[in-house]
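All remarks here apply to the structure that follows.
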Amino acid sequence: MCMGVAAGAYILTLFAMKVLSASPLLVLSAKGYTGDKENLGKCEQVYFRAKVIFGLNALAGRTLQSGSAVGPWNSSNAESFICYTIRKNYSIAGWEFGNELCGSGVGANVSANQYASDIAALRNIFHDVYRGIRHKPLIIAPGGFYDANWFQEFVNKYGKSVDVVSHYIYNLGVGVDEHLIERILDPSYLDGVASTFSGLKNILQKSATKAKAWVGEVGGAYNNGHHLVSDAFVYSF
């Protein structure tokens with residue numbers, strides 16, 4: 001489930017406080033099917049196993065210069081928050097470092113070299129705060145749109161410090177585009193996104209990292225999609 005940064009952080013923090021300390025089981029109140037045909041539509045609770053991943057602010061401590069965020073990452077707030085989850089015995093599946101800061105970025109960008117250095121710093125924090133803890137959360141980065149040169153440099157420099165290399169896919173483009181339906185109904189256009197997967201896969205295979213490739217966010221058309229397209233049957237393609 002993907003949501004806005006501010007709303008998502010608030011909701012997931014409450015979720016962690018109220019649910020994770022008691023059980024890794026997420027309980028949603030709902031009317032639905034639980035497998036019992038005789039009670040179809042009568043159930044009051046639906047249970048889901050949920051793994052929570054928190055995003056860390058990768059802009060802390062930096063200054064913005066012409067769209068680029070420069071300077072080293074200030075990890076103090078992130079380290080304090082991670083330590084808090086450990087003290088409260090919350091089960092966190094992973095920490096994702098940053099959001100849409102790779103390549104040219106969205107609103108701001110961080111160089112691959114600096115990003116890699118900051119990931120190494122985050123790994124050092126992990127060594128300290130999770131010492132003696134058997135099951136450690138994943139370190140996930142960069143959480144943004146794929147840029148071959150940026151990802152190549154990032155993985156080559158400190159690829160061993162990251163467990164998952166995440167990227168986003170909105171292959172239909174911006175939601176206000178009037179040609180979305182044409183693209184959706186064009187199999188050759190939809191197949192084009194395979195190059196993103198193969199490109200990142202090749203980078204990881206040729207490097208010394210054991211990191212896996214994930215799609216951390218996906219939605220077809222970005223900027224909330226397009227009315228009568230994203231909310232219509234054609235979007236099911």
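The values are calculated or read from the model by the stated rules, or taken from the named source; none is laboratory data. All values reported here derive from a predicted model rather than from experimental measurement. Note that each Cβ is placed from the backbone with ideal geometry, even for glycine, and that neighbours are counted across all protein chains shown. Just so you know, the surface numbers come from the protein's heavy atoms only, side chains and all, with ligands and any DNA or RNA stripped out. Shrake-Rupley method; radii C 1.70, N 1.55, O 1.52, S 1.80 Å.
A few points about this structure:
- Charge tally in the Cβ shell below 13 Å around TYR189, where Lys, Arg are +1 and Asp, Glu are -1, TYR189 excluded: -3
- Derived scalar couplings ³J(HN,Hα) [segment 142-159; Karplus, 6.51 cos²θ - 1.76 cosθ + 1.60; whole Hz; x for Gly, Pro]: x, x, x, 6, 5, 10, 3, 5, 5, 5, 4, 5, 4, 5, 5, 7, 9, x
- Solvent-accessible area, 1.4 Å probe, carbon plus sulfur percent, for segment 46-127: 48
- Carbon/sulfur fraction of accessible area - segment 193-237, other protein chains in place, 1.4 Å, %: 57
- Charge sum, other residues only, whose C-beta stays under 13 Å from SER75's C-beta, Lys/Arg counted +1 and Asp/Glu -1: -1
- Peptides 60-69, 127-136 ordered by average Cβ neighbours within 10 Å, highest first: 60-69, 127-136
- Kirkwood-based shape ratio for segment 124-232, expressed as Rg/Rh from alpha carbons: 1.10
- The packing ranking of peptides 159-166, 116-123, highest mean first, is 159-166, 116-123, where packing means the average number of other beta carbon atoms within 10 angstrom of each residue.
- Solvent-accessible area per residue, Å², over segment 94-222 with all protein chains present [probe radius 1.4 Å]: 49
- Shown in residue order for segment 75-82 are the 3J(HN,Hα) couplings computed by the Karplus curve 6.51 cos²θ - 1.76 cosθ + 1.60 at θ = phi - 60°: 8, 4, 5, 4, 5, 4, 5, 4 Hz (x for Gly and Pro).
- Overall, segment 84-184 carries a charge dipole of about 840 debye about its Cα centre when +1 sits on the Cβ of Lys and Arg and -1 on the Cβ of Asp and Glu, all other atoms neutral.
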